[in-house]
1. Taking amide H positions as placed 1.01 Å from N in the peptide plane, with prolines and chain starts having none, which residues 5 or more places from S39, or on another chain, fall under 5 Å of its amide H?
2. Accessible area, 1.4 Å probe, largest first: how do C517, C128 sort?
3. Pull out the extension gain between S441 and L293, defined as 0.36 nm times the separation in residues minus the alpha carbon to alpha carbon distance; nm, one decimal.
4. Would you tell me the accessible area of D493, worked out with a 1.4 angstrom probe on the heavy atoms of the protein chains, in Å² to the nearest 10?
5. How charged is the neighbourhood of S83? Take every other residue with its Cβ under 11 Å from the Cβ of S83, and add Lys/Arg as +1 and Asp/Glu as -1.
6. What does the charge count near L163 come to, summing +1 for each Lys or Arg and -1 for each Asp or Glu among other residues with Cβ under 13 Å from its Cβ?
7. How many angstrom lie between the Cα centre of the stretch 590-643 and the Cα centre of the stretch 443-491?
8. Return the long-range amide H neighbours of V22 (sequence gap of 5 or more, or a different chain), with a cut-off of under 5 Å between placed amide H atoms.
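The values are calculated or read from the model by the stated rules, or taken from the named source; none is laboratory data. None of these values were measured; they are calculated from a predicted model. Methodologically, a virtual Cβ is constructed for each residue, glycine included, from the backbone with ideal geometry; neighbour enumeration extends over all protein chains shown. Ligands, DNA and RNA are excluded from the accessible area calculation, which covers all protein heavy atoms including side chains. Shrake-Rupley method; radii C 1.70, N 1.55, O 1.52, S 1.80 Å.
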Amino acid sequence: MKKIFALLSFILFGAVSVEAQVCNVFVTPLDTTICPGDSVLITGAASITATGQSYNFDFGILPPGWSTTGGQNYGQPCGANPSGTNYYWASTAGTATPTIGTPAFDVSCGGFITFDMVYSIQGQAAPCEGPDLANEGVELQYSTDGGLTWITIVYYSPGGYELPANPGTTTSVVSSPYITNYTSWSSFNVPIPQAAMTTGTMFQWIQVNSSGSSFDNWGLDNISVNAGPCNSATINWSNGLQDTTFFYAAPTSDTAFVAYVYDTLGNFQCQSDSIFITVNTASLTWNLVDTVLRQCPNDTIPVEVLNLANANGPYSFTWSTGSTTNPTNIWSEDQKQDTIIYYVEIEDGCGYLYDDSVVMVVNQTLNIDTLLSYPSSACLPTGAASAFVSGTTTTVGQPFYNWTGPGNPGSYSVDATVITNVPSGWYYFTVTDDVCTESDSIFIDIENPPIASFVGSPTSGCTPLNVTFTNNSQNTSSYTWDFGNGNVYNVNDMSPQSETFISSSVVMLIAYDNQNCADTAYVSIDVIPCGCTDPLALNYNPLATIDDGSCILPTPTVVAPNVFTPNGDNENDLFVLNTTNAKNIELTILNRWGNIMYESSGVNPAWDGKSQGGANAPEGTYFYKYVITGYSDEVLEGHGFLQLIRD
């Protein structure tokens with residue numbers, strides 16, 4: 001079960017005079033709302049004090065034992081207070097410091113000092129001129145040694161806020177129009193510090209610094225030192241609890257509590273006002289706008305749940321956008337006409353959930369009805385475009401229009417609904433009125449542009465290369481042929497053109513229409529060196545990259561010896577044919593009886609004088625025959641006799 005401790009104190013004060021005594025009772029917390037199942041701590045503090053601890057200035061005098069220094073006035077010198085009665089008004093008199101102090105009281109059980117106070121507004125006429133410098137405020141102090149030493153409880157700055165002590169600086173802390181929290185009558189409730197809880201404590205209000213007797217005035221009223229001796233009173237409660245200063249209450253329904261104060265003899269002295277504890281029952285009320293209007297898509301608008309009441313906080317919010325903040329922004333999305341519902345779930349401090357919704361109506365009236373384009377010449381910026389717009393909203397003048405292009409942003413920009421004298425390309429139109437912006441685009445085409453086109457045949461070959469060019473251009477009437485070899489011709493028809501090339505070239509055709517607009521096309525011609533690429537040929541051309549079949553190869557020749565001596569002296573030991581321009585030789589040796597002694601082929605066959613079995617052939621006469629193939633495959637045949645001698 002959750003227990004609730006009040007962070008704020010509310011003083012419920014009851015006082016009656018019994019034999020020159022005053023009854024005081026303080027009950028906390030304030031009227032409180034709790035969640036079901038929670039508990040709240042109820043506390044009470046009571047004392048029966050001597051007279052003179054609570055006083056106002058209705059009769060224009062000080063109570064016995066009180067004292068003042070500086071200027072003093074018991075009346076209404078600077079207007080009425082909230083009760084319309086007299087009050088104490090302080091000012092500097094000569095060099096005397098404005099002070100009002102109490103006699104010593106028994107405040108050993110603690111309590112509160114309550115009073116009403118006001119500062120005059122800076123710059124008003126005396127005696128109603130107010131403090132403005134940082135050190136010109138009033139301090140509430142206490143003394144436990146008969147007034148020899150004073151200790152500051154709180155310092156009330158002219159800036160309208162509390163400090164623990166006077167800062168001692170002379171900087172102005174009030175700015176025009178010089179209105180602060182203290183320039184109207186306010187009630188103050190100050191707990192008595194622990195160190196001040198003695199049987200003889202004095203209190204004083206003192207203004208240490210001022211600009212003079214006609215400046216920095218302030219006032220007090222309804223001063224009460226609500227504290228007394230310990231054990232001077234007991235508290236009984238309306239729920240039956242006796243003689244206790246605190247208890248936890250866990251009501252299941254709305255409940256009121258009252259504290260009754262008795263003296264030590266059991267005599268009733270006073271009672272508190274009722275403390276009301278309200279149990280939350282899912283009764284949250286709030287305000288949320290039902291419908292919001294947007295005239296443009298992709299826009300946001302803040303919405304907020306307001307005036308949350310009748311339930312415990314803190315509150316949390318979950319919107320259908322995913323946001324958990326309040327206020328939050330809702331989006332009109334991307335449609336020009338749309339109805340969108342956004343939901344919010346509210347959770348109060350007790351965990352109760354509440355649902356609500358906001359309807360967003362999107363209605364963009366601004367519209368680009370039509371975009372029209374007019375084609376441009378191929379070589380002159382003669383294109384145009386126009387826009388037709390409806391549903392504009394303007395209070396003064398007209399909407400803002402803009403054309404730009406080609407591209408966005410483009411080199412052309414016109415603030416109008418029509419753009420003229422522009423080249424071909426994409427153009428972008430924007431209109432902005434008082435609430436929305438709308439954009440669209442359109443392409444401005446080219447009006448029958450000249451198109452240069454031609455082919456060559458062939459486009460590669462051996463020098464000299466004869467090429468015929470066919471003109472396939474469109475929307476054209478005259479032509480310039482540049483063959484890249486120094487020959488340039490201007491013609492007025494599309495007849496084929498022929499040209500002979502001895503080196504590679506790039507041919508250019510410029511085609512013109514009747515307005516002298518032009519287009520250009522190119523064809524590359526590759527002239528290749530041709531000739532005999534065979535290094536064995538008589539007409540070999542080392543610069544040729546393609547063989548043109550013109551090679552002239554030499555014919556083979558042969559000379560055959562008629563004697564050889566295979567005796568191992570390394571001289572004339574082999575029978576070899578002496579040939580030229582031969583790529584193959586077939587050689588056959590036969591004896592006189594027609595038997596084959598040697599047979600071989602190759603580029604240089606040779607007989608060593610042995611039989612096919614490896615035996616030395618006898619001396620004598622032998623028959624040879626040969627077949628020789630030349631480089632161009634021509635065949636040379638022959639035969640003859642040779643003499644083998646070994647000695």
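1. K2, K3, I4
2. Largest accessible area first, the list is C128, C517.
3. Answer, rounded to one decimal: 50.4 nm.
4. 80 Å²
5. Result for the local shell: -3.
6. Local charge sum for L163: -3.
7. Between the Cα centre of the stretch 590-643 and that of the stretch 443-491, the gap is 69 Å.
8. Sorted by chain and number, the residues that satisfy this are T49, A50, T51.
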